[in-house]
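Only one structure is covered here, and it is reproduced in the block below.
Nothing in this text is a laboratory measurement; each read-out follows from the coordinates by a stated rule. Values in this document were obtained by computation on a predicted structure and should not be read as measured data. FYI the Cβ positions are ideal-geometry reconstructions off the backbone, even for glycines, and counts take in every protein chain you see.
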Amino acid sequence: MDRAQLHRQLPDGISSILKSINELPQLRRLNRDLLPTLHSAEACVDKLLQLIYPGYFGNESLSSDALSARIDGLAHEIADVLYDHVRFCLRYKQNADRPNDADLDGRCENCDQEASRIVVAFFGKLADVRAMLADDVQAAFDSDPAATSMDETIFCYPGVLALTVQRLAHELLLLGVPLLPRIWTEIAHSRTGIDIHPGAKLGRRFFIDHGTGVVIGETVETGSNMKIYQGVTLGALAPAYGQRLRGVKRHPTIEDDVTIYAGATILGGETIIGSECVIGGNVFLTSSVPPKHVIMLDAPNLKIRDRRPKSERNPDGARIPTTDSELSG
């Protein structure tokens, strides 16, 4: 089959696609307000990273003499894009109850003014966000002996990137912006493997080591000086109830100075992990833990089988260790 034959045979496939689109309205979005594209949202996040960490990101070096002009230019670039994104999302929220294919009527008369107010307020929060992120970066460096410099934690640690985007998205969420905060945190999720909902309330000096597979739900609340490792889930119980649980505290509260090791799962809105607790790897919790406790699984019983032929086993006559105590020394 050559190219011309290929195109002659496409109409049947195109007709079936159009038929499917007409029959499945939940998978189409027609005659509706414009929303931010993923590409433009990613570009906005990348410019915000340059603003939050001047000199670390971007395609050019930055000197002290050029700092003021660079920050001024970046701020105006971000504000222009963010203004459009916010007003798109406000209009989306205003008209969300219309039928999917309804005409573009009922415009949000105040969305443009509200978008301008929100963008100004968001920029007013960035100095405070940077102060929190400075604590996060310091915590990453202080907590990990593998870190050789603060530069390394900013450039290389996925937890720092995920926290940066989540803290920015959280401020947008508090200002009443729909959808866009979630888009931002999903961008960070795709880059880092760390899934933090923008609604989570995270304390200062938060350190995520390695990070792959970490999930932190919408109503999680944490204190300060928290350290978690890869594969940790701070999640909800009874997801089968779905939309009926919207707005309900569904995820755990973690107090100050808690460490949660790899693979641990902590679920439930009434679950509170007290200050200075240590939660061991692969622990599954749905109930609260008092302060200053260690929760660990019993060590598994190791079984060792020698794969060598009998003639090659233990030439010195020593018995192969089989118990935990023998293996450890």
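Data overview
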{"quantity": "Order of Leu90, Leu202, Leu234 - criterion: other Cβ atoms within 10 Å of each residue's Cβ, fewest first", "calculated": "Leu202, Leu90, Leu234"}
{"quantity": "Relative exposure of Thr219, Thr153, judged by other C-beta atoms within 10 Å (fewest first)", "calculated": "Thr219, Thr153"}
{"quantity": "Dipole magnitude (debye, nearest 20) for region 23-194, charges at Cβ of Lys, Arg, Asp, Glu", "calculated": "420"}
{"quantity": "Fluctuation leader among Ala69, Ala79, Ala41 - the chain, Gaussian network, Cα springs under 10 angstrom", "calculated": "Ala69"}
{"quantity": "Cysteines without a disulfide-compatible partner [the chain; Cβ-Cβ under 4.7 Å]", "calculated": "Cys44, Cys89, Cys156, Cys277"}
{"quantity": "Chain lengthening between Phe57 and Ser224 when straightened (0.36 nm per residue, less Cα-Cα)", "calculated": "57.4 nm"}
{"quantity": "Unit Cα scatterers, Debye sum, region 23-168: log10 I(q)/I(0) for q = 0.11, 0.16 Å⁻¹", "calculated": "-0.56, -0.95"}
{"quantity": "Estimated dipole of the chain in Debye, rounded to 20 [Cβ of Lys and Arg +1, of Asp and Glu -1, Cα centre]", "calculated": "1100"}
{"quantity": "Percent RCO, i.e. relative contact order, over the chain, from Cα pairs under 8 Å lying at least 6 residues apart", "calculated": "9"}
{"quantity": "Residue among Leu126, Met1, Val248 farthest towards the positive dipole end of the chain, charges placed on Cβ", "calculated": "Met1"}
{"quantity": "Linear extension gain, Gln138 paired with Leu38, 0.36 nm per residue minus alpha-carbon span", "calculated": "32.9 nm"}
{"quantity": "Residue with peak Gaussian network fluctuation, the chain [Cα springs, cutoff 10 Å], from Ser40, Ser20, Ser68", "calculated": "Ser20"}
{"quantity": "Of all DSSP beta bridges in the chain, antiparallel share, percent nearest 5", "calculated": "0"}
{"quantity": "Helix runs (DSSP H) in the chain reaching 27 Å along axis by Cα, Kyte-Doolittle at least 0.0", "calculated": "111-143"}
{"quantity": "Cβ-based exposure ranking for Phe284, Phe141, in which fewest neighbours within 10 Å come first", "calculated": "Phe284, Phe141"}
{"quantity": "Anchor Lys303: aspartates and glutamates whose Cα lies under 15 Å away (excluding residues fewer than 8 positions away in-chain)", "calculated": "Asp324, Glu326"}
{"quantity": "Computed over the chain, Cα set: Rg, Dmax in Å", "calculated": "25.9, 88"}
{"quantity": "Cβ-derived FRET efficiency at R0 25 Å, Leu30 paired with His7, nearest 0.05", "calculated": "0.45"}
{"quantity": "Highest-MSF residue in the chain out of His39, His85, His189 [GNM, Cα springs under 10 Å]", "calculated": "His39"}
{"quantity": "Inter-probe distance in nm under a simple model that places probes 7 Å from Cα toward Cβ, at Ala121 and Met296", "calculated": "4.8"}
